[in-house]
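Notes follow once the structure below has been shown.
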Amino acid sequence: MDVLQAIRARRAVRAFTDEALDRPTVQVLVDAAVQAPSAMNLQPWTFLVALGRERVADIARRAKAHLVASLDTGPGLLRRTDMLHDPHFDILYGAPALIVVYAAVSDAPAALVRPDQDCCLAAQNLMLAARAMNLGSCWIGFARPWLDLPATKDEFGLSAEHVAVAPIVVGYPQAWPDATARHTPRIVWCD
């Protein structure tokens, strides 16, 4: 599959088969991720990888509990209350792998460098590589608040300077979701 096919075929996958992912497969995804552009070549990313349904389910349970406890203070979460209170809702969708792209805070001028943007580029590379390998992925914003807690970062051996940018679940899809229509882009030509 070429890159344009991967771009057009990539979908947010939220239902995975029971097939596990192994370290070599995840390594290929991370190797693709780090080919992303990086301002001043700082390459500010760190990848946290959780493999295995039980480990990912534990993270999902803890991240969901944190969200539910934060509903009163979390803007945008109130409209998701019913979903988050559903005991059957798994915020990581039973995925066999979770790859979190963390940004390391830089002392470079903020006007020149945004480590989070570099990490978004790396995350997109990872998701496109996953699609090219017939793997499904989904960026899970719900997990980010828990992954950014000082205690969570300490548990995983990350410094306080790391910021969770892109929690991405990965696995073999039960089915590929249909494409979602895209709006015609607004283009301002400067001829």
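The values are calculated or read from the model by the stated rules, or taken from the named source; none is laboratory data. Values in this document were obtained by computation on a predicted structure and should not be read as measured data. Please note: Cβ atoms are built from the backbone with ideal geometry, for glycine as well, and neighbour counts cover all protein chains shown.
Okay, residues lined up against (1) modelled with pLDDT of 95 or more; (2) of a type outside the set (S, T, N, Q); (3) in contact with a helix residue (DSSP H, G or I) (Cβ under 7 Å, 6 or more places away or on another chain):
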| position | (1), (2), (3) |
| --- | --- |
| Ile99 | yes, yes, yes |
| Leu112 | no, yes, yes |
| Pro115 | no, yes, no |
| Ala122 | yes, yes, yes |
| Trp146 | yes, yes, yes |
| Val169 | yes, yes, no |
| Ala181 | no, yes, no |
Unique match (being free of Cβ contacts under 8 Å to residues at least 12 places away in the same chain and touching a helix residue (DSSP H, G or I) at 6+ places or on another chain (Cβ under 7 Å)) among Ala160, Ala130, Ala151, Ala103:
Ala160
Of the residues that sit in the stretch 71-95 and are surrounded by 10 or more Cβ atoms within 10 Å (Cβ to Cβ) and modelled with pLDDT of 90 or more, which one is nearest to Arg14 (Cα to Cα)?
Tyr93
With (1) closer than 23 Å to Met133 by Cβ; (2) of a type in the set (D, E, K, R); (3) part of a loop (DSSP other than H, G, I, E, B) as the list, and Arg55 as the residue in question, which single condition is left unmet?
(3)
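How many residues, within the stretch 1-20, are outside any helix (DSSP H, G or I) and either over 16 Å from the mean Cα position of the chain (by Cα) or farther than 26 Å from Trp45 by Cα (or both)? Talk me through it step by step, then tell me what you get.
Kept after step one, since they are outside any helix (DSSP H, G or I), are these residues of the stretch 1-20: 1-2, 10-20.
Adding the requirement that they be either over 16 Å from the mean Cα position of the chain (by Cα) or farther than 26 Å from Trp45 by Cα (or both) leaves 1-2, 15-20.
Residues that pass the stated criteria total 8.
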Flagged in the stretch 26-47 as at pLDDT 95 or above and part of a helix (DSSP H, G or I), in numbering order, are Val26, Gln27, Val28, Leu29, Val30, Asp31, Ala32, Ala33
So which pairs qualify, if the first residue must be in the stretch 13-35 and farther than 18 Å from Ala122 by Cα, the second must be outside any loop (DSSP other than H, G, I, E, B) and not acidic (Asp, Glu), the Cβ gap must be under 6 Å, and the two must be at least 6 apart or on different chains?
Val13/Gly136; Val13/Cys138; Val13/Pro173; Arg14/Cys138; Phe16/Gly171; Leu21/Ala97
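May I ask you to verify whether Gly141 is within 19 Å of Ala50 (Cα to Cα), surrounded by fewer than 17 Cβ atoms within 10 Å (Cβ to Cβ) and under 13 Å from the mean Cα position of the chain (by Cα)?
Numbers: within 19 Å of Ala50 (Cα to Cα): yes; surrounded by fewer than 17 Cβ atoms within 10 Å (Cβ to Cβ): yes; under 13 Å from the mean Cα position of the chain (by Cα): yes.
When the stated conditions are applied, Gly141 passes them.
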Look at Val101 and say whether it is touching a strand residue (DSSP E or B) at 6+ places or on another chain (Cβ under 8 Å), part of a strand (DSSP E or B) and surrounded by fewer than 18 Cβ atoms within 10 Å (Cβ to Cβ).
no
Exactly one of these conditions fails for Asp118: (1) outside any loop (DSSP other than H, G, I, E, B); (2) free of Cβ contacts under 8 Å to residues at least 40 places away in the same chain. Give me its number.
(2)
